[in-house]
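Asker: Can you read through this structure? Questions will come right after.
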Amino acid sequence: MGNVKVSYANRLLEITGKASETLDLPTPLSLRDLIRHLVERYGEAFEKELNLKTSEWGQESYLYQFFVDGNRIPALQNQDFLIHHQSEVAMLPLLGGG
Amino acid sequence: MLVIDLSKGKWEFEKIPKKWTRDFLGGRGINSKLLFDSVPKGVNPLEPDNTLIIGSGLLTGTVVPASSRFTISAKSPLTGGLGDANSGGFFGPEMCFAGLDHLLFRGKSSNPVYIFIQDERVEIRDASPFWGRTVREADALIKKELGTDEVQILLIGPAGENLSPIASVMNNLSRAAARGGVAAVMGSKNIKAIAVKGSKGTFVRDKDRTFALFKEIRDSLDADSWFRMFSRAGTTGLTENYNGLGVMPIRNFQEGHLREIAPLSSGEFLRHFAKKRKSCFHCPIQCSHYYSVGTEWSEEGLEYESIGALGPRCGNFDFATILKANALCNRFGLDTIGAGDAIGFLMECHQRGLVSKKDADGLDLSWGNRETILKLLQKIAFREGIGDLLAEGSAKAAERIGGGAEKLAMHVKGQAIIAADPRGLKAWGLGYAVSSRGACHLRALPVAEYSATPEIAKKLWGTESAADRFAHLGKGKLVRWCEDMRVLSDALGLCRFFTRTTFLFPEQLAKLIPYGFPMEFTPAELIASGERINNLERLFNIREGKSRKDDTLPERFLTESLAEGPSKGNLVDLEPMLDEYYEAREWDRESGYPLLATLHRLGLQKEMGSLKQYKTGHLHGKR
């Protein structure tokens, strides 16, 4: 077992009720498995929010992206990506500006 | 265009040449052309020879959605180069309804005045009863004097009257044209306000097709979850994002990541403070809010930049204090970014023993002191005590403090850096360094760095690493491309949250223009206009002595990495990015001057010919 810190933004923060948490999970685990775990934990609203789409750079894209230890994993396109013990995963929507 | 000579108390209407519309579109584009032609080298920005220009975009006030924006331009007292500020609200559209695209002020009035414009009727009226009043007070009093609420007013508060280069011009009470020191220029001319009322309507090409277009755009916005999210929380949602990226400006950029962000989150704002959403002219996004703190503070806003500047930058993590500080900035007419930067800078000076409590009129300068933050805003606006130093902005304050304070001032060319740390966003750092108005994220707004796919990055900017926020390669091309696209929003008068990434492309904009303006442009013409405006602004700055040596970043970002958080361990390696940017721009690598061939291609020979830097011929053929 390992621990993985997950942080949430925007609507995900409101759905989970927290800005971040540390989860005890078998590591390494794939992004797919992490998402499955979180959907089981937080339900349909969480899953629905994570699957929201937008038009970005003229293409359809998921609204939320994953950053693992600061590095971006193209949103939900690389669900085999492995997350290791003590990694930090941030789920951030495609917001930019000021 | 209405040209007002304040020294003589006279005005006249002039036509903007059609060629300028073709070459520079409108708004910021034509503003920059007017500025270049009207302000010779070496003018003191706060003297009468500076020109103040207010320009609405080509599509401002038209049927095109999100067409509220206008730009105010002048030579900047902050940077000594080109200065401008852009705002939404309702003032720009009302100018258009009055038949005006541009207002240009020369000279200086001998006493405080406000200008009232109602279609062709122009009056220069005494503003002495309103001088010294806050934005809210003056707005209400002017409306009372004019006998109507149906007038849009652009005005300065005490900060602009006191010539603070970090003052803001306000309209609609809370919409701010805050950057570049343009409010100080307005104050230097003794202009308290400009009140406009128009009855001329707007151009509509084909009513049925126009309504069909509205529906198509509205349907696409409603279906797009990004717009729904943004409508709900506005830019307050960026707080969690930037914290998640580890690029928050905590304690003057000493740290980048908060372990617990919930107290400053958009959810916190929406749950406890926001009352109702608010929109600019003709905008379906409605990203702003009315908010209140208890029963005493009711205000409008709130942008992420204000949260960042008045919150973490000053070591303050109390949302209520941020909201009160934002309200004070609106009322005093202060740039929240500049003010937060100045206060955060002062607090770090205190931390490092450069400034004492005694130096600061007995104020407790420990990080996050809520009372101190609110008191300092008043002192800055009225130039009282230590406020007189801070009112100049952190760059000039640092020069006066000395002893190493210069390294603590987070600015480029005198303008404060915004609340996103470039050590975690390399293209943003490059954008700050090369922006024509000093540190600015909006010139380029290279969100592609963390939102584009590697495939898009390779296609548009030549390398997948352009979409890697930690990489340096590809950022020169990315920033150049973004600047040439983003300037079109300013020239057309459209909000960047509408153009964002899909309507950013010239192909989309070219389809929109004919609905709001009786002229058509090809995408290629729009791209050329974007490049032309950016090069013209560069020429203005070159004439004022700027060059590559000024395209830099604070030392902190180049030499000190963040110790913790998602962006830890990173530094900005600026020089290779600058090299790539200049090459992408077809500018000389050594000096940062546009090459002769570039200026010829863009039709800027006349402007180039007026600069001594181009008389020696050493830029022929050089890259």
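The values are calculated or read from the model by the stated rules, or taken from the named source; none is laboratory data. Predicted model, so just to flag it, every value in this text is computed and none were measured. Neighbour counts are summed over all protein chains in view; Cβ atoms, including those assigned to glycine, are modelled from backbone coordinates with ideal geometry. Ligands, DNA and RNA are stripped out before the accessible areas are found, and what is left, the full protein with its side chains, is counted by its heavy atoms. Shrake-Rupley method; radii C 1.70, N 1.55, O 1.52, S 1.80 Å.
Asker: Sort through A:GLY96, A:GLY58 and tell me the only one that's closer than 19 Å to B:PHE230 by Cα, at the interface with chain B (Cβ under 10 Å from one of its Cβ atoms), surrounded by 22 or more Cβ atoms within 10 Å (Cβ to Cβ) and at pLDDT below 90.
Answerer: None of the other options fit; the residue is A:GLY96.
Asker: If you don't mind, there's one more thing I want to ask. State yes or no: is B:GLY338 part of a helix (DSSP H, G or I), farther than 25 Å from B:TYR581 by Cβ, within 14 Å of chain A (Cβ to nearest Cβ) and in contact (Cβ under 8 Å) with a residue 12 or more places away in the chain?
Answerer: yes
Let's see how each residue does on (1) part of a strand (DSSP E or B); (2) under 18 Å from A:ALA19 (Cα atoms):
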residue: A:VAL39; (1), (2): no, yes
residue: A:GLU44; (1), (2): no, no
residue: A:GLU47; (1), (2): no, yes
residue: A:SER61; (1), (2): yes, no
residue: A:PHE66; (1), (2): yes, yes
residue: A:HIS85; (1), (2): no, no
residue: A:ALA90; (1), (2): yes, yes
residue: A:LEU95; (1), (2): no, yes
residue: A:GLY98; (1), (2): no, no
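Asker: Continuing with this model, one more query. Looking at the stretch B:152-165 only, could you name the residues that are open to solvent by less than 10 Å² (accessible area, probe 1.4 Å) and either outside any helix (DSSP H, G or I) or in contact with a Leu (Cβ under 6 Å, 6 or more places away or on another chain) (or both)?
Answerer: B:ILE153, B:LEU154, B:LEU155, B:ILE156, B:GLY157, B:ALA159, B:SER164, B:PRO165 - these are the residues of the stretch B:152-165 that are open to solvent by less than 10 Å² (accessible area, probe 1.4 Å) and either outside any helix (DSSP H, G or I) or in contact with a Leu (Cβ under 6 Å, 6 or more places away or on another chain) (or both).
Asker: Next up: Taking the criterion of being open to solvent by 60 Å² or more (accessible area, probe 1.4 Å) and under 15 Å from B:HIS472 (Cβ atoms), would at least one residue in the stretch B:578-587 satisfy it?
Answerer: Yes, because at least one residue in the stretch B:578-587 is open to solvent by 60 Å² or more (accessible area, probe 1.4 Å) and under 15 Å from B:HIS472 (Cβ atoms).
Asker: Now a separate question. Looking at the stretch B:479-512 only, could you name the residues that are within 12 Å of chain A (Cβ to nearest Cβ) and among the aliphatic types (A, V, I, L, M)?
Answerer: B:MET485, B:LEU504 - these are the residues of the stretch B:479-512 that are within 12 Å of chain A (Cβ to nearest Cβ) and among the aliphatic types (A, V, I, L, M).
Asker: Among (1) in a loop (DSSP other than H, G, I, E, B); (2) more than 28 Å from B:LEU492 (Cβ to Cβ), where does B:ARG125 come up short?
Answerer: It is condition (1) that B:ARG125 fails.
Asker: Next question. Filter the helices (runs of 4 or more DSSP H) completely within the stretch B:476-559 down to those with at least 1 residues that are hydrophobic (A, V, I, L, M, F, W, C), open to solvent by 30 Å² or more (accessible area, probe 1.4 Å) and at pLDDT 95 or above.
Answerer: Answer list for the stretch B:476-559: B:523-543, B:555-559.
Asker: Looking only at the stretch B:256-310, which residues are of a type in the set (S, T, N, Q), surrounded by fewer than 18 Cβ atoms within 10 Å (Cβ to Cβ) and part of a loop (DSSP other than H, G, I, E, B)?
Answerer: B:SER279, B:GLN286, B:THR295
Asker: While we're looking at this one, here's another question. Which one of these is away from every other protein chain (no Cβ under 14 Å) and open to solvent by 10 Å² or more (accessible area, probe 1.4 Å): B:ALA395, B:ALA381?
Answerer: Within the list B:ALA395, B:ALA381, the selection yields B:ALA395.
Asker: Suppose we filter the stretch B:453-476 for residues that are touching a Gly at 6+ places or on another chain (Cβ under 6 Å) and more than 16 Å from B:LEU425 (Cβ to Cβ); how many remain?
Answerer: Total meeting the criteria: 1.
Asker: Separate question: With the condition kept exactly as written, say whether any residue in the stretch A:35-42 is modelled with pLDDT of 95 or more, crowded, with 19+ Cβ neighbours inside 10 Å, more than 9 Å from chain B (Cβ to nearest Cβ) and more than 19 Å from A:GLN86 (Cα to Cα).
Answerer: No, every residue in the stretch A:35-42 fails to be modelled with pLDDT of 95 or more, crowded, with 19+ Cβ neighbours inside 10 Å, more than 9 Å from chain B (Cβ to nearest Cβ) and more than 19 Å from A:GLN86 (Cα to Cα).
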